[in-house]
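This report refers to the structure that appears directly beneath it.
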Amino acid sequence: MINTILEEANACQPLPLQTEAFNQNAQIPFGLEVGHIQAAMQEFLDFIGFVNLALHSKKIPRLESFLMPANFSSMVGEFMNAAIPKYCKTIVKNTYHNGHPDLIPAGKFPNDAVQHGTVGIEIKGSRHRSGWQGHNAEDCWLMVFVFDSNTSRDALKTFRRALSALSACMGRN
């Protein structure tokens, strides 16, 4: 029992971001740079660690271990939509409710809002290296943040693994 509690406590802290695994020569549009993406990913990992430690103190399971896949993707997407523009001033969150794409060039659209456009970046989060779900294939850039963690399917299993960022992939849809 004590080992299980210790394993769970250790799993509350995400693994460090592996910045050396990023392609420093990646051609990213709209003034976005690899360092901006790394900073936003690190902020997300810090957030998860903070939340999970608070949950653990109340004997509540880690956030990523009970969120369903669509909820996890939504959480990652909304977090990155808020975090990336803090590090990259040439891109902003699309302020149109459920607008597409998620991130757009700053000042490109009135009030930084577009209902449906092709200029910008759509954000997705996943715990799978492929087979990402989205809406229709739409003409814009797509950025997918891939993480590894326990999931709601692991609830009865005894192994605990900390959240880790596997990759950030980007391409034109």
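Read-outs: derived from the displayed coordinates by stated rules, not from any lab. The structure presented is a predicted model; accordingly, all values stated were derived computationally and were not measured. Neighbour counts run over all protein chains shown; Cβ positions are idealised from the backbone, glycine included.
Quick check: pseudo-label points 7 Å beyond the Cα along Cα→Cβ at PHE66 and ALA113, how many nm apart are they?
3.6 nm
At 0.36 nm per residue, minus the direct Cα-Cα distance, what do CYS169 and GLU20 gain on full extension? Give it in nm, one decimal, please.
52.2 nm
By how many nm would the segment from LEU6 to THR151 lengthen if fully extended, with 0.36 nm per residue of separation less the alpha-carbon distance?
On the way: separation 145, 0.36 × 145 = 52.20 nm, distance 1.87 nm.
Extra length available between LEU6 and THR151 comes to 50.3 nm.
Under a 5 Å amide H to amide H cut-off, with H placed in plane at 1.01 Å, what residues pair with TYR96 once short-range neighbours are removed?
VAL114
At a Förster radius of 22 Å, what calculated FRET efficiency corresponds to the Cβ-Cβ distance of PHE47 and ASN98, to the nearest 0.05?
0.45
Can you list the GluC sites (Glu not before Pro) in the stretch 27-105 that are in a DSSP coil and have 16 or fewer other beta carbons within 10 angstrom?
Values: sites: GLU33, GLU43, GLU64, GLU78; in loops: GLU33.
Listed in order of number, the matching sites are GLU33.
Can you pull out the trypsin sites (Lys or Arg not before Pro) in the stretch 19-71 that DSSP calls coil and that have at most 14 other Cβ atoms within 10 Å?
In loop regions of the stretch 19-71 (DSSP not H, G, I, E or B), the sparsely surrounded trypsin sites (Lys or Arg not before Pro) are LYS58, LYS59.
Rounded to whole Å and ordered largest first, report the semi-axes of the equivalent ellipsoid of the stretch 15-125 derived from its Cα gyration tensor (root of 5λ).
Working from the Cα gyration tensor, I get semi-axes of 27, 18, 11 Å.
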